[in-house]
Amino acid sequence: MGNKPELFILHTCPFSWKLRSLLQHIGLDYEEVQVNPLRIKKQLAFSDGWNKVPVWRDTDGTVLVDSTPMMKELDAKYNSGKLMKSGDEARRDEWLEWVDEHFKRATIPILYGGLFSALKTTTRVSKLEKFGFFSKRMYAWAGFPIMWGIIARSRVKKDGRKPKQLWHDLLNEWCEEIGAVDFFGGNSPNMVDIAAFGYMRSISPFSQFSQLQDHEKGMAWYNRVEATLKV
Ligand SMILES: N[C@@H](CCC(=O)N[C@@H](CS)C(=O)NCC(=O)O)C(=O)O
């Protein structure tokens, strides 16, 4: 344990991006610990069997897990609960659930939904994550048939839409709900904006992000949220 709170992450994990976005938005000083994807269990042994990133460890040893509850707790503890404040709690909760459900499901298809796409993504993941020397090479080659062939292909097939179309449909629905104001939260982002932004931002290290950038309104909102980050 250090003298700063720590956030254990994988660089390419969408849930980790939600937390990083929240912490940058509220401007909290913390240490980022990038775990080795093949050593998660060992490196997160203190998480009491959770063994998934992100995990938060405070300087007093308090451990928080699971991205959405974790974001709520950190907002309450370090940001006077401002991001969860809402004049319409039912709408906030409904859309937080909507974002968690739909944006989460859309990340794998866009990154791994095509054979070439999956190969590009796993090569990039192998560079961005802290693998060991051999596991980096092994993942770049062995990871993509697994991600594409076993996980992504069936999801794309089941949905029936091209991954880009899926994202554009979601962004249409999202922007429609936001309406004429700048953010879901009104004049400033609230928890739902930050969660949605985090999922979208997790695509940004990959070339497939350009397919999201084609959505003009969605990107205008994305850029407005990005401008509120303090780092
Ligand atoms: N519900 C969790 C999901 C976290 C999650 O699935 N993280 C992935 C990386 S994106 C992970 O750590 N997987 C490792 C494993 O399941 O062994 C959250 O929102 O934090």
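The values are calculated or read from the model by the stated rules, or taken from the named source; none is laboratory data. Remember, it's a predicted structure, so these values are computed and weren't measured experimentally. Ideal geometry is used to build each Cβ from the backbone, glycine not excepted, and the neighbour counts take in all protein chains shown.
Here is how the numbers come out for the structure above:
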| item | result |
| --- | --- |
| Those residues of the stretch 201-231 which are part of a loop (DSSP other than H, G, I, E, B) and under 16 Å from the mean Cα position of the chain (by Cα), in sequence order | SER202, ILE203, SER204, PRO205, PHE206, GLN208, LEU229 |
| Exclusive hit being acidic (Asp, Glu) and surrounded by 13 or more Cβ atoms within 10 Å (Cβ to Cβ), set GLU89, GLU73 | GLU73 |
| Residue within the stretch 51-65 that is at pLDDT 95 or above, part of a helix (DSSP H, G or I) and over 18 Å from the mean Cα position of the chain (by Cα) present | no |
| Counted residues, the stretch 170-187 - those being of a type outside the set (A, V, I, L, M, F, W, C) and surrounded by 15 or more Cβ atoms within 10 Å (Cβ to Cβ) | 2 |
| Cβ pairs under 7 Å, 6+ apart, first in the stretch 41-66 and under 16 Å from TYR78 (Cα atoms), second more than 15 Å from the ligand (Cβ to nearest atom) and assigned to a strand (DSSP E or B) | ARG57/GLU6 |
| Top-ranked residue in the stretch 79-136 [being acidic (Asp, Glu) and touching a residue at least 12 places away in the same chain (Cβ under 8 Å); ranked as farthest from the ligand (Cβ to nearest atom)] | GLU129 |
| In the stretch 11-36, the residues that are in a helix (DSSP H, G or I) and touching a Ser or Thr at 6+ places or on another chain (Cβ under 8 Å) | PRO14, PHE15, SER16, TRP17, LYS18, LEU19, HIS25 |
